[in-house]
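First the structure, in the form of structure tokens, and then the observations on it.
The values are calculated or read from the model by the stated rules, or taken from the named source; none is laboratory data. Bear in mind the structure is a predicted one, so any value in this text is a computation, not a measurement. Here the Cβ positions follow ideal geometry from the backbone for every residue, glycine too, while neighbour counts run over all protein chains shown. Heads up: the accessible areas ignore ligands, DNA and RNA and are worked out on the full protein's heavy atoms, side chains in. Shrake-Rupley method; radii C 1.70, N 1.55, O 1.52, S 1.80 Å.
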Amino acid sequence: MSKLIQMRNRIKTIETIKKVTDVMRIISMSAHSRLKTKQEPLSEYLNELKKLLSLVQKAAPSWTHPRLIPTGDNTKPLIIIIGSQKGLCGGFNTQLSKFLNEYLRQNPLPHYHFTAIGKKPIDYLIENYPDKLISSFPVLTARNFLTIAQELTDLIMTATPAYTSVTIISNVFKNFFVQKATVTHLIPFNPIHITEKTSLTEEYIWDETPHDILSTLAIQYIEAQLQHLIFQSLLSEHSARFLSMDSSTRNAHNLLNTTKLEYNKVRQAKITTEITELTGNF
């Protein structure tokens, strides 16, 4: 009887796990669907800002900026890692840490500084690079990613001494089933050139000089890039969590069926044994 009791407890545990993973799967899909509605406006804003920046650059081809286009050696590099606040999303954070290690191996520098977004990359950096983590954002949600992008932009533009390079390592949303770890270089800022033919049909009247306008637009463009990359990471996180929880739910369902079948066999064997013993006694 003790084996039957253990199997009944196991069946209850599997049923509870199945309910939890199924609920998390539904929550992830709901969050992903809400985020998907914001993807097009963010991408359109980034593209329009890129076009405007390219047009203004034609009026000031010699424009430069001491923080955005630094000169000299890369003596103070900053790496921003965008991960997830919670786990249970498959290999989402694992592939990010592997990609970071490979990037550091290919680009060895002694004075790296790190900024992490999300609790999981923060824990990884504290464990492996505790002295190089200068700032962190443990809470990452759809409500605060714009604020995080603004604070990161302020950090980059007000650092003393200025950062000589800023690199972002994050997961980019390819499709619902594929999330790819990528590297994006914010600084040095690369001049933007639109390949399509653009012609100005009318003269612009600027109150400020093109150099001042470019400096402001470039900072806004960097902030827009940060917003876009953090948003892409959020999309990737929820799709990865949905796939992970969907797989866990299906595995729990299969395990539950197998355990119930085994339980019924053992129970039937116990009943048959008891009947045989009773018959023998008579």
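Elements of the type helices (runs of 4 or more DSSP H) sitting completely within region 90-162 and holding at least 1 residues that are under 24 Å from Ile69 (Cα atoms) and either hydrophobic (A, V, I, L, M, F, W, C) or open to solvent by 60 Å² or more (accessible area, probe 1.4 Å) (or both): these cover 92-106, 145-158. Listed by first and then second residue, the pairs linking a residue in region 48-74 that is closer than 16 Å to Gln220 by Cα to a residue that is polar (S, T, N, Q) and part of a loop (DSSP other than H, G, I, E, B), with Cβ atoms under 7 Å apart and 6 or more places separating them unless they lie on different chains, are Leu55/Thr198.
How do the pairs read when you match residues in region 2-30 that are touching a residue at least 60 places away in the same chain (Cβ under 8 Å) with residues anywhere that are not in a helix (DSSP H, G or I), using Cβ under 8 Å and keeping only pairs 6 or more apart or on different chains? Close Cβ pairs (under 8 Å, with a partner that is not in a helix (DSSP H, G or I)) amount to Met24/Leu88. Pairs are defined by a Cβ separation below 8 Å, a sequence spacing of at least 6 or placement on different chains, a first member in region 253-279 that is touching a residue at least 12 places away in the same chain (Cβ under 8 Å), and a second member that is open to solvent by 90 Å² or more (accessible area, probe 1.4 Å) and part of a helix (DSSP H, G or I); the pairs so defined are Thr259/Arg10; Tyr263/Arg8; Val266/Lys3. If you check Lys86, Lys174 for being under 30 Å from Thr21 (Cβ atoms), part of a strand (DSSP E or B) and not β-branched (Val, Ile, Thr), only one passes: Lys174.
Quick check on region 87-110. Is at least one of its residues within 23 Å of Gln220 (Cβ to Cβ) and either hydroxyl-bearing (Ser, Thr, Tyr) or out of contact with any Gly (no Cβ under 7 Å at 6 or more places or on another chain) (or both)? Checked against the condition, which is being within 23 Å of Gln220 (Cβ to Cβ) and either hydroxyl-bearing (Ser, Thr, Tyr) or out of contact with any Gly (no Cβ under 7 Å at 6 or more places or on another chain) (or both), region 87-110 yields no hits at all. On the stretch given as region 218-259, residues that are buried (at least 18 other Cβ atoms within 10 Å of the Cβ) and under 30 Å from Ser54 (Cβ atoms) total 18. Restricting region 68-83 to residues that are closer than 14 Å to Ala159 by Cβ and outside any loop (DSSP other than H, G, I, E, B), the residue that is nearest to the chain's Cα centre (by Cα) is Ile80.
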